[in-house]
Amino acid sequence: MSSKSKEKQLTKRSSLFLEIFQEFSKITWPKGKEFKNTSFIVLVFVGMYIVYIGFFDFMLKKVFDILFK
């Protein structure tokens, strides 16, 4: 690999990281109370999803145990 291509690749990488840093500075992060509320809501839905999938997994296991006994 030539010196120019390495230089060009390094410039592209540094430009990428600079753009990423600039985009991160535009983000408005949630405050403490909002963060707690939204995290709680996400955890509740994840819990509900786990119960939902677990129930159908259990039921399908029982059905297949009966069918292939």
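Which numbered condition trips up Trp29, out of (1) modelled with pLDDT under 95; (2) aromatic (Phe, Trp, Tyr); (3) in a helix (DSSP H, G or I)?
Here Trp29 meets the rest and fails (3).
Going by the structure shown, is Ile66 among the β-branched types (Val, Ile, Thr), in a helix (DSSP H, G or I) and surrounded by 10 or more Cβ atoms within 10 Å (Cβ to Cβ)?
In short, no.
The values are calculated or read from the model by the stated rules, or taken from the named source; none is laboratory data. These figures come from a predicted structure and were not determined experimentally. As a convention, Cβ positions derive from the backbone with ideal geometry for all residues, glycine included, and neighbour counts pool all protein chains shown.
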